[in-house]
Amino acid sequence: MKGKSRPDKETTSGSTARKMLAIQWGDLTEFKIPIPPDEPKRLAALRRYDILDTPPERSFDDITQLAAHVCDTPMALIVLIDSNRQWFKAKVGVDLNETPREVAFCSYTIMKHDLMVVEDNTRDARFAKNPLVVSGPKVRFYAGAPLVTPDQRVLGTLCVLDTVRRKLSSAQQQDLLALSRLVMTELELRYNLRLSRTQSTARPRKRKSS
């Protein structure tokens, strides 16, 4: 089903202005995507962080902006892979909040614990017919760094995208991986703070001795 393209928008952070790319859906056919062998435990780990559908947070937005800047791409995302969707915790250059999981490039990145780079999606059999490639925004380049928990579950990715074919230098690849680890550090801090608050509330108060 084809949708109407959305008007381009501008997003500005500091002195840097980036153009929001319009999304126009092509025909959404069923794509066969790989499922991690630890999928139930991976989803349980994702639920543990209680991060899905939360409002934007400055710390995650800043990392995403930095990823786009370091890799010199118009789009960057913090992606969390849910059971049937990819949800964007933070985004640069994209006006969507989520897409179906079956069209997610990141569905392949979460299968391993290393960076995945696709220099030209039109030449990759996994993505050549993807609606995000053949229709708006016609994503040509993708690089995703996995978000790996301390117990080795991959929650999603920090990824960068472009509408032209490109390569990342070795330094850019290492920087993207470092930033993905920083995302996980933020998630851990957020989780531990919430856990600490919960435990503090549940702890019984000591009675004062008379």
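Descriptive notes on the structure:
- Selection status of Val134, hydrophobic (A, V, I, L, M, F, W, C) and in contact with a helix residue (DSSP H, G or I) (Cβ under 8 Å, 6 or more places away or on another chain): no
- Residue match in region 117-136 (condition: of a type in the set (S, T, N, Q), surrounded by 15 or more Cβ atoms within 10 Å (Cβ to Cβ) and under 18 Å from Trp87 (Cα atoms)): yes
Listed here are the residues, each with its yes/no results for (1) more than 22 Å from Leu187 (Cα to Cα); (2) of a type outside the set (Phe, Trp, Tyr).
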site: Asp38; (1), (2): no, yes
site: Arg42; (1), (2): no, yes
site: Tyr49; (1), (2): no, no
site: Ala67; (1), (2): no, yes
site: Cys71; (1), (2): yes, yes
site: Val103; (1), (2): yes, yes
site: Ile110; (1), (2): no, yes
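- The set of residues in region 149-176 that are out of contact with any Pro (no Cβ under 9 Å at 6 or more places or on another chain) and either farther than 17 Å from Val117 by Cα or surrounded by fewer than 16 Cβ atoms within 10 Å (Cβ to Cβ) (or both) comprises Thr149, Pro150, Asp151, Gln152, Val164, Arg165, Lys167, Ser169, Ser170, Ala171, Gln174.
- Of all the numbered requirements in (1) touching a Leu at 6+ places or on another chain (Cβ under 7 Å); (2) more than 24 Å from Arg153 (Cβ to Cβ); (3) not acidic (Asp, Glu), Ile63 misses one, and that requirement is (2).
- When region 47-78 is filtered for residues that are among the aromatic types (Phe, Trp, Tyr) and touching a Ser or Thr at 6+ places or on another chain (Cβ under 9 Å), only Tyr49 remains.
- Restricting attention to region 140-161, the residues that are in contact with a helix residue (DSSP H, G or I) (Cβ under 6 Å, 6 or more places away or on another chain) and either among the acidic types (Asp, Glu) or farther than 20 Å from Leu66 by Cα (or both) add up to 4.
Yes/no per residue for (1) basic (Lys, Arg); (2) free of Cβ contacts under 8 Å to residues at least 40 places away in the same chain:
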| site | (1), (2) |
| --- | --- |
| Ser59 | no, no |
| Thr64 | no, no |
| Leu80 | no, no |
| Phe88 | no, yes |
| Val92 | no, no |
| Phe127 | no, yes |
| Arg140 | yes, yes |
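- Of all residues in region 137-148, those satisfying the criterion of being more than 17 Å from Ile81 (Cα to Cα) and either surrounded by fewer than 21 Cβ atoms within 10 Å (Cβ to Cβ) or not aromatic (Phe, Trp, Tyr) (or both) are Pro137, Lys138, Val139, Arg140.
Every residue, every condition in (1) more than 15 Å from the chain's Cα centre (by Cα); (2) modelled with pLDDT of 95 or more, yes or no:
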position: Lys129; (1), (2): yes, no
position: Pro137; (1), (2): yes, no
position: Arg140; (1), (2): yes, yes
position: Gly144; (1), (2): no, yes
position: Leu147; (1), (2): no, yes
position: Asp175; (1), (2): yes, yes
position: Met184; (1), (2): no, yes
position: Leu193; (1), (2): yes, no
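- Residue match in region 15-29 (condition: at pLDDT 50 or above and either among the acidic types (Asp, Glu) or part of a helix (DSSP H, G or I) (or both)): no
The values are calculated or read from the model by the stated rules, or taken from the named source; none is laboratory data. Being a predicted model, the structure only gives us computed values, none of them experimental. Positions of Cβ are backbone-derived with ideal geometry, glycine not excepted, and every protein chain shown enters the neighbour counts.
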